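The values are calculated or read from the model by the stated rules, or taken from the named source; none is laboratory data. As the structure is a prediction and not an experimental result, all values here were calculated from the model. When we count neighbours, we look across all protein chains shown, and the Cβ atoms used for this are built from the backbone with ideal geometry, even at glycine. What goes into the accessible areas is simple: the full protein's heavy atoms, side chains included, and nothing from ligands, DNA or RNA. Shrake-Rupley method; radii C 1.70, N 1.55, O 1.52, S 1.80 Å.
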Amino acid sequence: MSNLTKLVVTTEAEFEALAASWRLLETQVPQLLPFQTYDWNRAWWQIFSDSSWYHKDELAICTQHEQGQLVAVMPLTNTHVGMHKLFIYRYVRPFGADPNLTEIRIPLTLPDYTETILQQWEDLSRQETFGLTEFQVIHTKQHAAHFLACNTAVHSLETRDIPNYILHLGESWSCFKSGLKRNIKESLRRCYNSLARDNLQLRLQVWQGATEIKPRLNEFYALHAARAGATNTVDHPDYFADAKHRAFMTALLENDFGQRMRLFSLELDGRVVAMRLGFAMGEELYLYYSGYDLKFASYSVMTTLLAEIMQWSYTQNFKRINLSVGEDVSKTRWGPTVTGYVEHQCVKNNTWRRNLGSGILKMRKLRRNWSGQKSD
């Protein structure tokens, strides 16, 4: 790594110029996540970056090149709250500061450069001279813990665990199903038997790319909202109620990421009763948000849809299905492996910044609790 060059991209033109090398790096990284791609991050900046007189987002994309080749990229936003250069408070955090649309916000890097790209958090903290900056460091638990242990200029105030559940499919659906626990086998049997008992004909439809998916997005949003309104089940917010969030999905479809997008539709007697978005990421299918018609909840249509997607995945030669993040029995009962990510809220390691940062975090929690009580 003697020829390693570190650069921080701060302009739109420089961001766009990264496209080819960033996409090339994507092809070299095992188990690529959708949120690491150039196209996801470009669409995110297009829709979510903010600029006003008191709140300004600036690019701070950390890059590393070895002998002219991009080997690591960590897209960060440098957000000033206050009068820009004379800011009172500042965030430096990965792209994806949205209501859980960007689920895993880790750098894109060749394996040998994970530690060196995280090191740039330390570099950024040492540049801090005025005001309070909150640094948001996100990676696997192992790499994040190693970075914080070795870099004393950054102090973690708070952590949040982000479990990610992944199914390894094996050679066939029958082999996979035979290895499942008894409770999920019984659940699958009930799902299919209930449909047969009521003479409901099942069909899985798979839509791909902008031309096929865009005309069906409103139906997906309606089913997602219906699921969010369900009671007596795990709470699921309506992530697409905000017009900006729907605009983000459209932006993804309209750039090269749209080629990766799949919309799965479960039909019963020709009626769409459940849908789920997914992203084709090489050998891995990443399953994203979903929705269903509550009138068909008794048929456990979401379980049936997932089982149908799994069977379809074998025909497409996927090796893994990423069930996304968040500990939920709908994921854990399938017996997935878990990749543990962690998010650290950090400040520069000196006394007044630690104290002030801790106070701000406590105020945020009180405000969230108060808002929750008020809405109840």
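Observations on the model:
- Share, in percent, of DSSP beta bridges within the range 48-200 that are antiparallel, nearest 5: 85 percent
- Were the residues from Y89 through C175 laid out at 0.36 nm apart, the gain over their Cα-Cα distance would be 25.5 nm.
- Sorting 180-189, 54-63 by average packing, meaning the other beta carbons within 10 Å per residue, from highest down gives 54-63, 180-189.
- Only lysines eight or more places from K214 in sequence, or on another chain, were considered; those with a Cα closer than 19 Å are K244.
- Over the chain, relative contact order from alpha-carbon pairs under 8 Å, at least 6 apart, %: 21 percent
- Calculated FRET value between E219 and N317, using beta carbons and R₀ = 25 Å, to 0.05: 0.30
- Cα centroids of the range 173-200 and the range 135-153: 43 Å apart.
- Simple spin-label estimate for V329 and N232 gives 1.4 nm between the two label positions (7 Å along the Cα-to-Cβ direction from each Cα).
- Span from the the range 92-127 Cα centroid across to the the range 252-331 one, whole angstrom: 28 Å
- Reach of K185 by Cα under 28 Å, taken over lysines that are not fewer than 8 positions away in the same chain: K177, K295, K319, K331
- Mean separation of Cα pairs under 8 Å and 6 or more residues apart, divided by the residue count, gives the range 1-114 a relative contact order of 29 percent.
- Aspartates and glutamates with Cα under 15 Å of K365, excluding same-chain neighbours fewer than 8 positions away: E158
- For peptides 147-154, 119-126, 260-267, 172-179, sequence by mean Cβ density within 10 Å, most packed first: 260-267, 119-126, 147-154, 172-179
- Accessible area (Å², per residue) of the chain, counting only protein heavy atoms and a probe of 1.4 Å: 48 Å²
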